[in-house]
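Asks: Sending over a structure as structure tokens; questions will come in a sec.
The values are calculated or read from the model by the stated rules, or taken from the named source; none is laboratory data. This is a predicted model, so every value here is computed, not measured. Quick reminder, even Gly has a Cβ in these numbers, built from the backbone with ideal geometry, and neighbours come from all protein chains shown.
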Amino acid sequence: MKLYTRTGDTGKTSLIGGRADKDHIRIEAYGTLDELNSFTGLAAAELDTEVFPDLLEDLLHIQHELFDCGADLADIRENRAEKLNPEAVTRLENRIDVLTEEAPALERFILPGGTKAAAALHVARTVCRRAERQMVSLLKQEADVPSLPLQYVNRLSDYFFAAARIANARDHVQDVEYERSAIVFRLGKGKEDK
């Protein structure tokens, strides 16, 4: 099997059910999901298997679900069957709640960083937010885009924030508060107020 096809040499690429320019917002959106999947794998590679078995299991699920999201965005057929399962959103919400309960109290914005694993999870969070913005742009341009991947990606960025805080907390590294931040988290625990 050859890895190259030469079919993209003129600036177009294949979708499921058609072709599009490589700089089309649909391609940008699922391409960013692919980038996010790579950063998710990088974050997993930074986690100690004995300290973070739960996060490693989460990230493996997430990598499969990101492929599902990308496939759903790439499929432009009329009678498509969506790959992403709504239970994936519920699972993320449950995990965010568990991680938020474990994390130290939080009142202010924090600087992305700490351990290598936490920093990698923060990078994944920001790439996730970019994917979300691109998906919103796609939904504005095309009415036939499934909405579940957008909901999933919105929760996923919150998950990465919660996981980054746990990566620091379990390795006894304190998050660094943004020194000019007002008090922005009303409940004093965990996740981003977005």
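Asks: Can you go through Ser137, Ser157 and tell me which one is of a type outside the set (D, E, K, R), part of a helix (DSSP H, G or I), more than 23 Å from His64 (Cα to Cα) and in contact (Cβ under 8 Å) with a residue 12 or more places away in the chain? Working first, answer last.
Replies: Numbers: Ser157 fails: more than 23 Å from His64 (Cα to Cα).
Answer to the check: Ser137.
Asks: Among the residues of the stretch 87-105, is there at least one that is surrounded by 14 or more Cβ atoms within 10 Å (Cβ to Cβ), within 22 Å of Val176 (Cα to Cα) and within 15 Å of the chain's Cα centre (by Cα)?
Replies: yes
Asks: Are any residues in the stretch 85-117 farther than 15 Å from Ala164 by Cβ and not β-branched (Val, Ile, Thr), and if so, which ones?
Replies: Of everything in the stretch 85-117, those that are farther than 15 Å from Ala164 by Cβ and not β-branched (Val, Ile, Thr) turn out to be Asn85, Pro86, Glu87, Ala88, Arg91, Glu93, Asn94, Asp97, Glu101, Ala105, Glu107, Arg108.
Asks: Go through the stretch 45-64 and give me each residue that's surrounded by 15 or more Cβ atoms within 10 Å (Cβ to Cβ), more than 13 Å from the chain's Cα centre (by Cα) and of a type in the set (A, V, I, L, M).
Replies: Leu47, Leu55, Leu56
Asks: Ok, one more. Determine which member of the set Thr13, Thr32, Thr40, Thr49 is among the polar types (S, T, N, Q) and closer than 11 Å to Ala131 by Cα.
Replies: Thr32
Asks: Now for a different question. Taking the stretch 140-154 as the search range and keeping residues that are in a loop (DSSP other than H, G, I, E, B) and touching a residue at least 24 places away in the same chain (Cβ under 8 Å), which one is surrounded by the fewest Cβ atoms within 10 Å (Cβ to Cβ)?
Replies: From the stretch 140-154, those in a loop (DSSP other than H, G, I, E, B) are 142-147; that's our starting set.
Retained after the next criterion (residues that are touching a residue at least 24 places away in the same chain (Cβ under 8 Å)): 142, 144-146.
On the way: Glu142: 12, Asp144: 10, Val145: 19, Pro146: 17.
Filtering the stretch 140-154 for residues that are in a loop (DSSP other than H, G, I, E, B) and touching a residue at least 24 places away in the same chain (Cβ under 8 Å), the one surrounded by the fewest Cβ atoms within 10 Å (Cβ to Cβ) comes out as Asp144.
Asks: Let me ask another. Evaluate the stretch 172-184: report whether one residue or more is within 17 Å of the chain's Cα centre (by Cα), of a type outside the set (Lys, Arg) and either closer than 30 Å to Arg80 by Cα or at pLDDT 95 or above (or both). Please lay out each step first, then the result.
Replies: Narrowing the stretch 172-184 to residues within 17 Å of the chain's Cα centre (by Cα): none.
No, that holds for no residue.
Asks: What single numbered condition from (1) outside any loop (DSSP other than H, G, I, E, B); (2) surrounded by 15 or more Cβ atoms within 10 Å (Cβ to Cβ) fails to hold for Pro112?
Replies: (1)
Asks: Can you pull out every residue in the stretch 129-157 that is among the charged types (D, E, K, R) and either within 17 Å of the chain's Cα centre (by Cα) or under 20 Å from Asn94 (Cα atoms) (or both)?
Replies: Filtering the stretch 129-157 down to residues among the charged types (D, E, K, R) leaves 129-130, 132-133, 140, 142, 144, 155.
Matches in the stretch 129-157: Arg129, Arg130, Glu132, Arg133, Arg155.
Asks: Follow-up question, since we're still on this one. Inside the stretch 14-28, can you point out the residues that are surrounded by 15 or more Cβ atoms within 10 Å (Cβ to Cβ) and of a type in the set (Val, Ile, Thr)? Steps first, answer last, please.
Replies: Narrowing the stretch 14-28 to residues surrounded by 15 or more Cβ atoms within 10 Å (Cβ to Cβ): 15, 20, 24-28.
Scanning the stretch 14-28 gives Ile25, Ile27.
Asks: Quick one: which of Gly70, Gly31 is farther than 22 Å from Pro112 by Cβ, in contact with a Leu (Cβ under 9 Å, 6 or more places away or on another chain) and surrounded by 12 or more Cβ atoms within 10 Å (Cβ to Cβ)? Talk me through it step by step, then tell me what you get.
Replies: Details: Gly31 fails: in contact with a Leu (Cβ under 9 Å, 6 or more places away or on another chain).
None of the others qualify; the one that does is Gly70.
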